[in-house]
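The values are calculated or read from the model by the stated rules, or taken from the named source; none is laboratory data. Because the structure is a prediction, the values reported are computed rather than measured. Quick reminder, even Gly has a Cβ in these numbers, built from the backbone with ideal geometry, and neighbours come from all protein chains shown. Heavy atoms of the whole protein, side chains included, go into the accessibility calculation; ligands, DNA and RNA do not. Shrake-Rupley method; radii C 1.70, N 1.55, O 1.52, S 1.80 Å.
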Amino acid sequence: MKIEESYNRLLKNNKEWVSSKLNEDPDYFKKLALGQSPEYLWIGCSDSRVPANEITGTLPGEMFVHRNIANMVVHSDMNLLSVLSYAVEVLKVKHIIVCGHYGCGGVIAAMGNKQFGLIDNWLRHIKDVYRYHHNELDAIKDENERARRFVELNVIEQVHDLGKTSIVQKAWSNNQELHIHGWVYDISEGIIKDLGVTFTCTKDLHSVYHLV
Ligand code: CO
């Protein structure tokens, strides 16, 4: 596809989408413009194959979304913290979902030793997860299986990292209903696996992280 075509198709698609939405409901955009009250915050990978709304069957207005390489919750990341704070304190979402995916390029890169440049600084957060779990991961001889488990462990650590934030702990101490979950999406099947690491209150976290 020529470069102009690759660009123009997006604007053309948009016009078609607007017409189809207005066909279904002439007030569709007027209603959406009134405001949002999503029940979910999605923290997912930037990978183009993991579109939050599409794979969960949710519509515009239903999901607040933050995406970065390898769905990381880095507690010095102002972007993540701002999204989290707004989602929890203003929108009062009921669920935060960290969704990783098998075959994640960021996780696979973090498993290796190759230098990639600037992104190495980001990958280092993922390498830390490997170090926490090196006994389990090093014991998996098959590289593909090891990468799959690393993806899962990375999600689990990010759920812990969410729970450690003062934003989430404050919500819990105010008795705000807020559940945080870890998922892995299988790109080759389309299926989401719930890793069963649902945190619903401060006591689900190791006591060293409890803020009082
Ligand atoms: Co990824």
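Below, the figures for the structure above:
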{"quantity": "Links that overshoot a 18 Å alpha carbon limit, given the list LYS164/LYS203; LYS92/LYS170; LYS30/LYS92; LYS127/LYS193", "calculated": "LYS30/LYS92; LYS127/LYS193"}
{"quantity": "Theoretical gain in end-to-end length, SER19 to SER166 [0.36 nm per residue, Cα-Cα removed]", "calculated": "48.5 nm"}
{"quantity": "Cβ-Cβ FRET estimate between SER188 and ARG131, R0 fixed at 45 Å, reported to 0.05", "calculated": "0.95"}
{"quantity": "Given charges at Cβ of Lys, Arg, Asp, Glu: region 135-212 dipole, positive-most of TRP183, VAL168, PHE199", "calculated": "VAL168"}
{"quantity": "Potential extension, ASN79-GLU54 segment - 0.36 nm per residue separation minus Cα distance", "calculated": "6.7 nm"}
{"quantity": "Solvent-accessible area per residue, Å², over the chain with all protein chains present [probe radius 1.4 Å]", "calculated": "59"}
{"quantity": "Positive-end residue of ALA109, TYR7, TYR28, charge dipole of the chain with Cβ unit charges", "calculated": "TYR7"}
{"quantity": "Sequence of VAL83, VAL208, VAL129 when ordered by accessible area, the most exposed leading, probe 1.4 angstrom", "calculated": "VAL208, VAL83, VAL129"}
{"quantity": "Ratio Rg/Rh, restricted to region 38-209 and using Cα atoms, in which Rh is the Kirkwood radius", "calculated": "0.95"}
{"quantity": "Chain lengthening between GLU89 and LYS30 when straightened (0.36 nm per residue, less Cα-Cα)", "calculated": "18.7 nm"}
{"quantity": "Computed magnitude of the charge dipole of region 38-209 (debye, nearest 20; Cβ of K, R +1, Cβ of D, E -1)", "calculated": "320"}
{"quantity": "Gaussian network model of the chain, springs between alpha carbon atoms under 10 Å - residue of VAL168, VAL197, VAL88 with greatest fluctuation", "calculated": "VAL197"}
{"quantity": "For region 53-69, 3J(HN,Hα) per residue [Karplus equation, 6.51 cos²θ - 1.76 cosθ + 1.60, θ = phi - 60°, Hz, x = Gly/Pro]", "calculated": "5, 5, 6, 10, x, 9, 9, x, x, 9, 9, 8, 10, 10, 10, 8, 5"}
{"quantity": "3J(HN,Hα) from dihedral phi, region 153-162, Karplus parametrisation 6.51/-1.76/1.60, rounded to Hz, x for glycine, proline", "calculated": "5, 5, 4, 4, 5, 5, 5, 4, 4, 5"}
{"quantity": "Helical mean residue ellipticity (222 nm; -39500 (n - 2.57) per DSSP H run of 4+; nearest 500) of the chain", "calculated": "-13500 deg cm²/dmol"}
{"quantity": "Antiparallel DSSP beta bridges within the chain, as percent of all bridges there, nearest 5", "calculated": "20"}
